[in-house]
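No lab work stands behind these numbers, since they all come straight from the coordinates. A quick note: this is a predicted structure, and the numbers were derived from the prediction, not measured. Neighbour counts run over all protein chains shown; Cβ positions are idealised from the backbone, glycine included.
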Amino acid sequence: MPGPVHVFIACSLDGFIAGPDDDLSWLPTDDGENYGFDAFLAGIGAIVMGRNTYAVVEGFGGNWPYGEVPVLVATTRPLGSPAHPAVRAVRGTAHELLHQAHAITGEGVYVDGGDVIRQFLDAGLIDELTVTVVPVILGAGAPLFAGARHRRSLELVDSKAFDGGLVQLRYVPAQI
């Protein structure tokens, strides 16, 4: 049986995953805390992310944050020279993208990027969402869930408060 599909993302209190022009300066990066991301990534066998998310991550410079984990970038345009050998361009529906990820690994799949997350949610493919709410109101930017085509009821399975006011919420789809 293929591994579960996860979302692990931060958003502002008003639901944005990036400010205008993909601004991420509001994310806490200098506090030495990674909010469980390293432990999360250790259980992931492949990542599916959108082209815009890939461009933002590629622009960080420094060490590639995903190590050797294969990264499938959902895009219809060539990537040029990928930021890491584990990166490749893919295309297709959410089901097709997940099939490609599961062909690489039997472990969990991490889905990242607002549009890709919404596509996977609309297709009913997300098994768990971890959303870390950062105590900042951006007012504008890239929304996390706006544009989802279907209502999704979720069940809270865990929450954790961090110093600095961040709250991490872990949800699974509600059993109806």
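How big is the dipole moment of the stretch 97-165 about its Cα centre under a simple scheme where the beta carbon of each Lys and Arg is +1, that of each Asp and Glu is -1, and everything else is neutral? Debye, nearest 20, please.
Dipole size: approximately 300 debye.
Name the GluC sites (Glu not before Pro) in the stretch 1-101 that are in a loop by DSSP and that have at most 10 other C-beta atoms within 10 Å, would you?
Here the GluC sites (Glu not before Pro) that fit, given the DSSP loop and packing criteria, are E68.
Are there any helices in the chain, counted as whole DSSP H runs, that stretch 20 Å or more along their axis by Cα and score at least 1.0 on average by Kyte-Doolittle, and if so which?
Going by DSSP H runs, there are no hits.
Using unit Cβ charges (K, R positive; D, E negative) and no other charged atoms, how large, in debye to the nearest 20, is the dipole of the chain about its Cα centre?
Using only the charged Cβ atoms, the result is roughly 680 debye.
Would you look at the GNM of the chain, springs on alpha carbons closer than 10 Å, and say which of G19, G36, G113 moves the most?
Greatest mean-square fluctuation among the candidates belongs to G36.
What's the longest uninterrupted piece of the chain once you rule out the chymotrypsin sites (Phe, Trp or Tyr not before Pro) that are loop residues per DSSP with at most 15 other Cβ within 10 Å?
Longest run free of exposed loop sites: 61-144.
Could you work out which residue, out of A39, A142, A74, moves most in a Gaussian network model of the chain, that is, has the largest mean-square fluctuation with Cα springs under 10 Å?
A39
List the residues, sorted by chain then number, that are 5 or more residues from A89 or on another chain and whose placed amide H is less than 5 Å from its amide H.
Those lying under 5 Å, H to H, from A89 are V73.
For the stretch 37-46, what does the Karplus curve 6.51 cos²θ - 1.76 cosθ + 1.60, with θ = phi - 60°, yield as ³J(HN,Hα) per residue in whole Hz, taken in order and with x for Gly and Pro?
Ordered by residue, 3J(HN,Hα) equals 5, 4, 5, 4, 5, 4, x, 9, x, 7 Hz.
Find the Cα radius of gyration of the chain, compare it with 2.2 N^0.38 Å by division, and give the number to two decimals.
0.99
From the square roots a ≥ b ≥ c of the eigenvalues of the alpha-carbon gyration tensor of the stretch 35-109, which class results: rounded (a/c under 1.5), prolate (a/b over b/c), or oblate?
Here the stretch 35-109 falls in the oblate category.
Give the residue from V116, G141, Y54 lying farthest towards the positive end of the charge dipole for the chain; charges sit on Cβ (+1 for Lys and Arg, -1 for Asp and Glu) and the dipole is referred to the Cα centre.
Of the candidates, V116 comes out farthest on the positive side.
Among R118, R149, R51, which one shows the highest mean-square fluctuation when the chain is modelled as a Gaussian network with alpha-carbon springs under 10 Å?
R149
Given H placed 1.01 Å from N in the peptide plane, which residues other than close sequence neighbours of F8 have an amide H under 5 Å from its amide H?
Long-range HN contacts for F8: V111, T130.
Got a sec? Charge dipole of the chain, +1 on Cβ for Lys and Arg, -1 for Asp and Glu; which of G45, G19, V90 is way out at the positive end?
V90
Report the charge-dipole magnitude of the stretch 60-141 in Debye, nearest 20, computed about the Cα centre from +1 at each Lys and Arg Cβ and -1 at each Asp and Glu Cβ.
Around 340 debye, computed over the stretch 60-141.
Using a ≥ b ≥ c from the Cα gyration tensor of the stretch 135-176 (square roots of the eigenvalues), is it rounded, prolate or oblate, where a/c under 1.5 gives rounded and otherwise the larger of a/b and b/c decides, a/b for prolate?
It comes out oblate by the Cα gyration axes.
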